[in-house]
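Visitor: Below: one structure in structure tokens.
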Amino acid sequence: MENLTQWHLTFVGIENLGLRALVVFLAIAVLYFSWLSIKSITPAAKRLLLIALRFVATVLIVLLLLQPQIEQKEVLKLKNKVVCLIDNSQSMTLKGGDTGISRFQLVADFFKDNASFIEELQNNFDVDFLSFSDTIKEISSDDIKNGLVLDGTNTDIARTLKLLKKRYEGKSVKGYLVFSDGADTVELPSSINKLEIISNLAKELSAPFFTFSPGGNMDVRDIAISNISYDSFTFVRSPWKADVTVKILGYKDLKLPITLKQGNDIISSKVLNTSEESELHIDLAFTPFTTGTFLYTISIPVQPHEAITENNQVSFLVKVVRDKIRIMHVCGRPSWDERFLRRVLKSDPNIDLISFFILRTPTDVSEARNDELSLIPFPVDELFTQALGSFDLVIFQNFDYRPYDSSFFRFSHYLNNLQKFVTDQGGGFMMIGGDISFSQGGYDGTAIEDILPVNLYTEKDSIDTSRLKAVITNDGLKHPVTTLDDNADRNIAIWKDLPELDGCNVTTQLKSDAVPLVIFPAKGNPPLVSVRDVGLGRCMAITTDSLWRWNFLSVGEGGSNRHYIKFLQNAVKWLIKDPTLNPIRITVNKETFLPDEEVQIKIEVLGRNYQPMEGVQLGIDVTNEFSGESIFVTNATTDNNGQYKFTIKNNREGYYIVKALAKKENDEIGQDYTVFNIAIENKEFKDTSIRRDILSKLSEVSGGNYFDLPTKNIEEKLFIENPSIVKLVGKRQISLWDNGYVFMMILAIVSIEWWIRKRSGLS
């Protein structure tokens with residue numbers, strides 16, 4: 001910036017050019033005739049003096065007529081701007097190949113090797129030095145020489161260009177010098193062209209970009225899992241697939257295993273062939289058979305001289321849920337109860353129902369041959385051996401197994417399979433009453449009796465045919481199966497209003513660990529609906545075949561069948577162990593945390609009646625998924641709300657499993673687990689390639705040039721236009737014709753000239 005004073009002479013009188021020409025012509029004529037009148041005067045010196053005086057006087061008179069004035073301007077000579085942008089993202093710390101030189105070191109060397117160019121640039125331009133990643137920050141040239149702090153975790157070139165436009169709007173920027181690896185980490189939908197966005201923004205800045213990037217020998221060696229496309233939500237027994245993108249830089253002709261693990265178990269793997277391709281797309285697939293939220297890890301072994309090892313492994317969570325609840329329904333004979341039950345189950349889109357009706361047993365006598373009947377034979381062996389594990393719930397409705405229990409059918413053996421299905425595989429089992437069910441169906445002394453909530457005795461059990469209203473128990477008022485309305489008072493009223501039932505199977509007694517939910521108010525108050533946890537699974541006994549009356553009669557009396565439907569839905573959810581009904585629940589306030597961020601964990605325990613359970617002993621363990629290191633271990637007790645809350649902090653990145661085991665007086669109530677993650681997502685090392693295409697495009701569309709680093713003698717290769725630019729800071733007008741000194745000068749000249757003429761004898 002330099003202060004300058006400028007002077008300009010202007011004429012404000014006789015603005016018409018023709019008149020100005022006439023005045024000049026008359027002045028010349030006057031001078032000519034004056035010369036004719038004095039050319040005879042001697043000596044010559046006197047003659048020249050006279051003509052000189054006459055000339056000066058005439059010129060002064062002409063100037064007076066033209067009204068001359070002087071304009072004085074005070075101006076500032078400004079410098080055009082040049083902006084130097086230095087990439088301070090973490091990817092600039094990467095070293096190229098085997099050179100041992102970082103990308104930023106090449107930038108620092110440029111400023112050292114081209115110091116004279118930088119000095120000349122600062123002399124001729126107003127140079128701004130800025131660092132950038134996802135934002136811009138003012139720095140100095142000394143900061144570059146001494147070493148920038150390279151801590152940017154996300155490079156956003158488009159946002160940087162937008163910030164430049166806002167910062168330098170209305171300012172005379174003649175060039176941008178960009179030093180970067182071009183590794184833009186912003187992830188955009190495939191439909192959006194990143195290069196096009198950057199190009200359009202560069203054009204709007206209306207100044208050339210001169211870009212500098214590490215040369216070809218600076219590409220790092222790295223194998224990186226750059227992207228994983230997967231569904232974080234899937235269904236049990238449905239194939240699941242992850243589409244994996246692997247970036248390969250600096251390695252050829254390697255065969256590398258890539259594995260998908262659940263915990264420490266490899267569930268899928270493939271071999272990568274690192275040929276000439278720099279990017280590979282593969283898929284890893286498996287089929288989950290268990291519901292829950294699971295931690296999966298995809299990893300590739302670290303190779304010698306890899307620049308970054310952190311990007312060889314990626315972990316993520318997938319929630320596995322039931323696609324459809326698969327129910328096997330075996331009915332001994334058609335009935336109203338069967339009809340309404342099937343209608344409810346089939347109407348639920350989340351239920352896949354397989355029903356069998358025993359219209360003719362192997363012991364039934366019929367004149368018709370099997371091939372003449374439009375019936376499907378009961379596939380006993382297939383159902384209870386091969387396919388049993390594919391179901392979530394098995395329902396026996398008024399079904400007598402004994403016609404199938406022979407040396408050929410071995411149905412008692414199938415009952416053992418059904419017991420294991422419940423106790424060992426976590427399946428659900430429901431038995432519904434009738435005249436050929438429970439002890440009347442011969443189930444006393446079988447493996448089925450072992451899992452039922454009620455004891456069976458053929459000699460003592462009976463069938464009560466009284467028509468009475470079912471009565472909900474105190475346990476039933478608190479249990480999710482018999483909660484037909486969230487409001488306790490309304491729930492009681494609903495149960496009181498339900499239609500009467502036509503009797504039940506009278507069983508002798510409940511098992512000690514069973515819970516009676518509904519009773520039949522006949523002699524002895526036999527259980528109508530009772531439940532029991534058995535091993536890993538659950539069982540329910542409904543000792544009546546007239547629940548259909550809750551549906552049919554409720555509608556017939558102008559009411560609704562929604563309570564009947566709600567009861568059956570609750571029963572199914574409880575039997576299949578729907579996660580929402582788990583008696584112990586662990587919740588974390590979110591999934592992902594920063595290092596040293598507070599993790600809030602709550603454990604809630606519900607009793608058999610699904611009410612908050614106070615005084616439960618909890619064994620709590622928080623463990624790093626990969627190292628197995630426990631970061632928090634404690635024993636605690638639930639409060640009067642059935643809860644225990646605690647917080648933890650940890651600065652080590654990774655996935656952590658929170659496990660809790662609940663006990664009451666040494667009896668296990670249940671257990672649960674959940675997962676949270678501590679991580680700083682560093683996109684800078686996700687893809688370590690140098691994006692020369694972005695930088696060269698930036699230069700191309702703006703009229704600049706692209707250069708590979710290292711480069712010397714840049715002044716011979718780079719030219720930035722530098723037009724003059726001044727700023728007016730003040731001005732004033734000085735008039736030369738309207739002051740007395742000019743008139744006095746003219747009068748003096750005329751007087752002297754007249755005196756000389758008189759002395760010479762002229763007129």
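Quick note: the coordinates plus some simple rules give every number you see, no bench work behind them. These numbers come from a predicted model, not from an experiment. FYI the Cβ positions are ideal-geometry reconstructions off the backbone, even for glycines, and counts take in every protein chain you see.
Visitor: Relative contact order for the chain: what is it in percent, counting Cα pairs under 8 Å that are at least 6 residues apart? Don't skip to the end; give the middle numbers.
Guide: Values: 1543 pairs, mean separation 113.9, N = 763.
Rounded, it is 15 percent for the chain.
Visitor: Quick one: what Rg and Dmax do you get for the stretch 327-575 from the alpha carbons, in Å?
Guide: Gyration radius and largest Cα-Cα distance of the stretch 327-575: 17.8, 58 Å.
Visitor: Could I ask something else about it? How would you order 311-317, 251-257 from highest to lowest mean count of nearby Cβ atoms within 10 Å?
Guide: Values: 311-317: 17.9, 251-257: 12.6.
Ranked from most to least packed, the peptides come out as 311-317, 251-257.
Visitor: Give me the aspartates and glutamates in straight-line cross-link reach of LYS77: C-alpha distance below 15 Å, same-chain residues under 8 apart excluded.
Guide: Output for LYS77: GLU2, ASP126.
Visitor: Moving on to the next point. When a footprinting reagent is the concern and you count Cβ atoms within 10 Å, what order do GLU604, GLU196 take, fewest first? Working shown, then result.
Guide: Working: GLU604 22, GLU196 11.
Fewest-to-most Cβ neighbours within 10 Å comes out as GLU196, GLU604.
Visitor: Report the charge-dipole magnitude of the chain in Debye, nearest 20, computed about the Cα centre from +1 at each Lys and Arg Cβ and -1 at each Asp and Glu Cβ.
Guide: Working: 83 positive and 96 negative charges, 945 e Å.
Using Cβ point charges on Lys, Arg, Asp and Glu, the chain gives about 4540 debye.
Visitor: Multiplying the sequence separation of GLU721 and ASN273 by 0.36 nm and subtracting their Cα-Cα distance, what value in nm do you get?
Guide: Extending this stretch completely gives an extra 156.2 nm.
Visitor: So for the stretch 251-323, averaging the separation of alpha carbon pairs under 8 Å that are six or more residues apart and normalising by length, what relative contact order in percent results? Working shown, then result.
Guide: Values: 114 pairs, mean separation 22.7, N = 73.
Reported relative contact order: 31 percent.
Visitor: Another question, then. Sort 184-195, 391-402, 232-243 by packing, meaning the average of other beta carbons within 10 Å per residue, with the highest value first. Write down the numbers at each step before the final one.
Guide: Working: 184-195: 12.0, 391-402: 22.7, 232-243: 15.1.
Put in order of decreasing packing, that is 391-402, 232-243, 184-195.
Visitor: Can you give me the Cα centroid spacing of the stretch 571-617 and the stretch 427-451 in angstrom?
Guide: 33
Visitor: May I pose another question? What order do you get for 264-274, 615-625 when each peptide is scored by the mean count of other beta carbon atoms within 10 Å, highest first?
Guide: Details: 264-274: 14.0, 615-625: 17.7.
My ranking of the peptides, most packed first, is 615-625, 264-274.
Visitor: Starting from the exponent 0.38 and prefactor 2.2 Å, build the expected Rg for the stretch 581-678 from its residue count and divide its actual Cα Rg by it. All intermediate terms of the calculation are to be shown ahead of the outcome.
Guide: Working: Rg = 13.5 Å, N = 98, 2.2 N^0.38 = 12.6 Å.
It is 1.07.
Visitor: If I histogram all Cα-Cα distances within the chain using bins 20 Å wide from 0, what percent of pairs lands in each bin?
Guide: Binned Cα distances yield the sequence 12, 26, 20, 17, 11, 6, 5, 3, 0.
Visitor: Separate question: R0 = 45 Å: FRET efficiency of ASP513 with ILE680, Cβ-based, nearest 0.05? Please list the in-between numbers first.
Guide: Details: r = 49 Å, r/R0 = 1.08.
After rounding to 0.05, the efficiency reads 0.40.
Visitor: For LEU9 and MET745 in one chain, what is 0.36 nm times their gap in residues minus the Cα-Cα distance, to one decimal in nm?
Guide: Details: separation 736, 0.36 × 736 = 264.96 nm, distance 2.02 nm.
Gain in length upon complete extension: 262.9 nm.
Visitor: Moving on. Can you tell me which lysines have their Cα less than 28 Å from the Cα of LYS112? Leave out same-chain residues fewer than eight positions away.
Guide: Correct list for LYS112: LYS79, LYS81, LYS95, LYS137, LYS145, LYS174, LYS697, LYS712, LYS717.
Visitor: Give the residue from ASN474, PHE399, THR543 lying farthest towards the positive end of the charge dipole for the stretch 327-575; charges sit on Cβ (+1 for Lys and Arg, -1 for Asp and Glu) and the dipole is referred to the Cα centre.
Guide: Working it through, the farthest residue towards the positive pole turns out to be ASN474.
Visitor: To the nearest 10 degrees, how steeply does helix 692-702 sit against the main Cα axis of the chain, on a 0 to 90 scale?
Guide: Approximately 40 degrees, to the nearest ten.
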